[in-house]
Ligand SMILES: Nc1ncnc2c1ncn2[C@@H]1O[C@H](COP(=O)(O)OP(=O)(O)OP(=O)(O)O)[C@@H](O)[C@H]1O
Ligand SMILES: [Mg+2]
C-alpha cells in the first residue's frame, strides 16, 4: 500500500474519534452538570437575568445544538470566555501554553535523549553491576514522592544555595531561565527513572534477538550493533511512548506549576477547578483530547517511516 | 593431501547456570579442510550450536565461557586474539548462517543494506561497488531479479529466500570457512533440498570449508565428506561419511543410522523395524559416571559404568575412524 494512502486513511479515522471524545465531554459538562446559572448570578437573581445569562452561555439551545457547539470548539479552538475573568479562553491558552512549554519541553527533550543514551549504555553493560546500580537508582528515584523533590530542591538549591529563583515567572527569553531551571531539573529527576527503565526493557528485548547475533557474526563491534541494529528496532516502541507524551507537555506539570507559581496552563487549570470555572476546565479537556488524537496520528505515521513492515498491513 | 584450514583442539565451553556449571562442549577436536564439508550431528542439546558459537567467539559471557582449547585458523589460534582482530575474522574469514531464517535478518533494514554492511566492514569498496557486489551475491545464491530484491525488506521475502540472503551475506567476503548451523531445518522439504544443493554448488565454486551442523543424518549423507557425532557435549564418533554409514562403531551412531528410513525398505514390515533409541538424553547437570550413553546402550558392559572413567576418543583399525566407546561394535 502506498504510504500516502495509508496516511490519508489513518487521518480519516480521526473523525469518528473526535465525535466520540467530544460526546463524552458534552455528557460530562452539559448533561450531567447542574444548571450553573444561579450559581453564577446568586440564588435570588431575577428570572429575566437568568434567561439572559443562559442565552449568553448557549444553555437555552436544544441539547444537540449544544453538542455541536462542543464539536465546533474542538475544531476551531474557540472556547468562549472564562466565567471568572471574562477573558477569551483561546487567549488564556495562547498565553499559558508557551509558559508551560518553556520548562516541560526542555525537560522532556533532555530526559528522552538522556534516557535513550543511558539505556543503550546499560544494555552494553547488561547483567553487570553498572546495570544493577542504574536500575536500583531508577527504582529509588521513582519511590520518592514528587512533592519531596519539589520541596527539597526549593529549599536547598534555591533557598540555601541561592542558585535559582524559588518561585514566580518572567516572560521572555532569557529572563525566564532562572525561573524554569529548577522545574526542569525536577522534571528530569521525575521522568528519567521511568524513562530509563522503559527504554532499558526495550533495548534488552531487542538485544537477545537473532538478528543481533547475525550482526555480531559479521564482525561488527558491539557499540555499532547497539547504535545501528538495536536502536532502530527499539525506536519503534519508543516513538509511540514519546510522541504520545507531547500534548501533555502543553498542560505542564500541575504540581510543579502550582508550587513554583508558574502561570502555565497547568496552573490555570488547577485554578479554574477551584473556581468552578467550567468553560475553562471544559476547554482544557477538549484541547488536550484533540492534542492527544493528533499526536497519536503522528506517532502512527512516524511508525511507518521507521518500521517497513507496517505499510503492508 | 587436503589443505587444513581450521583446526579445533580440545574445545571446552561451560555455562554458569543457576542450577550449576554445565559443560556444553567438552574437549571437542576436529579439522576442517579446504573445499570439504564436515558434518556435526547430534540430538538437540548435544552442544552443536555452542561449538559453532565458540569458534566464532560469540558465546554470551557471562553465563558462558570458553574454558579450554584452541581454534587454529591457518595455524593461528584465534581464541587468544584481541577482540579487534577477532572482529576482522568474523564475517570475513569465517562466515556463519543460522537456523532461523525468519528472524536472523534485521527487519528494519533492506536486504541490500545488510549485505553491503559486511562488505563495507571488511573490504575497501566504494558505495556503488558495494551495491553491485550485493546484487552479484544475490544473483549467485539464485535469487531472481536481484536488482529489485536488493531494495526489499526481509518481510517481503519467503523463508527460503531469506536463507539465501543469509548465505549471500555470509559468503560476501569469500570466507575460508562457512559454519552453517542447521541451515535447512526450519524450511520445508523441497526448499531444504534447494538450499543444500546451493551450498554444494557454492562450495565447488568458492572452495570454502564448511561445517554443516544438523541433527539429520540424511543431510550429512547428502553434502558432507566427514562427520562427527556429538553426544552430551562430546564427540563420540568421527569418520568419513562413507565409513560411518557403512560401518558405524558406536552403538549411538548405529542407533541414529537405523532410525533413518531407507528407500530400499519399502515393505511395511521393514518400516516397522525402524528402530529408535530408547530413553532420553541425560541432563548435563547430572551426567552419569563413565560413559554418558550407558543407560540407553544395548551393548552396555560393566566397564561402561564408571570404573575406568569416561571413554576416550581413539582410532580403531582404520586410522581416520575414531570412536569413544569401551565396546565398539
Ligand atoms: N546461553 C546459555 N546459557 C546456559 N546454558 C546454555 C546456553 N546456551 C546453551 N546452553 C547449554 O548448552 C547445551 C547445548 O546447547 P546447544 O544449543 O549447543 O545444543 P544443539 O546441539 O545446538 O541443539 P539444537 O539441535 O536444539 O540446536 C544446552 O543443553 C544448554 O544446557
Ligand atoms: Mg542448535
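The values are calculated or read from the model by the stated rules, or taken from the named source; none is laboratory data. Not measured: the values here are computed from a predicted model. In this analysis, Cβ positions are derived from the backbone assuming ideal geometry, glycine residues included, and neighbour counts consider all displayed protein chains.
Some observations on this one:
- When residue B:168 is tested against (1) away from chain A (no Cβ under 11 Å); (2) within 16 Å of ligand 1 (Cβ to nearest atom); (3) buried (at least 24 other Cβ atoms within 10 Å of the Cβ), exactly one condition is not met: (2).
- Checked against (1) within 11 Å of ligand 1 (Cβ to nearest atom); (2) modelled with pLDDT of 90 or more; (3) within 15 Å of the chain's Cα centre (by Cα), residue B:65 passes all but a single condition, namely (3).
- Residue match in the stretch B:8-27 (condition: part of a strand (DSSP E or B), on the phi < 0 side of the Ramachandran plot, within 14 Å of chain A (Cβ to nearest Cβ) and within 16 Å of ligand 2 (Cβ to nearest atom)): yes
- Residue in the stretch B:113-132 that is nearest to residue B:204 (Cα to Cα), counting only those that are surrounded by fewer than 19 Cβ atoms within 10 Å (Cβ to Cβ) and away from every other protein chain (no Cβ under 14 Å): B:132
- Enumeration of residues in the stretch B:76-107 that are more than 9 Å from chain A (Cβ to nearest Cβ), part of a loop (DSSP other than H, G, I, E, B) and without any contact (Cβ under 8 Å) to a residue 40 or more places away in the chain: B:81, B:82
- Filter result for the condition that a residue is under 19 Å from the mean Cα position of the chain (by Cα), closer than 30 Å to residue B:105 by Cβ, away from chain B (no Cβ under 14 Å) and modelled with pLDDT of 85 or more, over A:298, A:265: A:298
- The residues on offer are B:40, B:5, B:55, and the sole one that is within 25 Å of residue B:203 (Cα to Cα), part of a helix (DSSP H, G or I) and either more than 13 Å from the chain's Cα centre (by Cα) or within 16 Å of ligand 2 (Cβ to nearest atom) (or both) is B:55.
- Taking the stretch B:135-247 as the region of interest, the helices (runs of 4 or more DSSP H) fully inside it that hold 2 or more residues being touching a residue at least 60 places away in the same chain (Cβ under 8 Å) are B:159-171, B:189-206, B:217-223, B:241-246.
So that you can scan it fast, the table gives a plain yes or no per residue for (1) at the interface with another protein chain (Cβ under 7 Å from one of its Cβ atoms); (2) buried (at least 19 other Cβ atoms within 10 Å of the Cβ); (3) touching a strand residue (DSSP E or B) at 6+ places or on another chain (Cβ under 9 Å); (4) more than 30 Å from residue A:266 (Cα to Cα):
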| residue | (1), (2), (3), (4) |
| --- | --- |
| A:206 | no, yes, no, yes |
| A:211 | yes, yes, no, yes |
| A:217 | yes, yes, yes, yes |
| A:222 | no, no, no, yes |
| A:238 | no, yes, no, no |
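- Taking the stretch B:58-75 as the range and being in a loop (DSSP other than H, G, I, E, B) and either touching a strand residue (DSSP E or B) at 6+ places or on another chain (Cβ under 7 Å) or away from ligand 2 (no atom under 16 Å from the Cβ) (or both) as the test, the residues that pass are B:59, B:61, B:62, B:63, B:74, B:75.
- Pair list, Cβ < 6 Å and 6+ apart or interchain, from the stretch B:7-22 residues that are more than 30 Å from residue B:176 (Cβ to Cβ) to residues that are within 16 Å of ligand 2 (Cβ to nearest atom) and not in a strand (DSSP E or B): B:22/B:284
- Taken over the stretch B:29-53, the criterion of being more than 14 Å from residue B:213 (Cα to Cα) and touching a helix residue (DSSP H, G or I) at 6+ places or on another chain (Cβ under 8 Å) is satisfied by B:35 alone.
- Scanning the stretch A:80-99 for residues that are within 27 Å of residue A:37 (Cβ to Cβ) and in a helix (DSSP H, G or I) yields A:89, A:90, A:91, A:92, A:93.
- Within the stretch B:183-212, tally of residues that are away from chain A (no Cβ under 14 Å), at pLDDT 85 or above and within 14 Å of ligand 2 (Cβ to nearest atom): 1
- Scanning the stretch A:122-140 for residues that are surrounded by fewer than 17 Cβ atoms within 10 Å (Cβ to Cβ) and either modelled with pLDDT of 90 or more or assigned to a helix (DSSP H, G or I) (or both) yields A:125, A:129, A:130, A:132, A:133, A:135, A:136, A:137, A:139, A:140.
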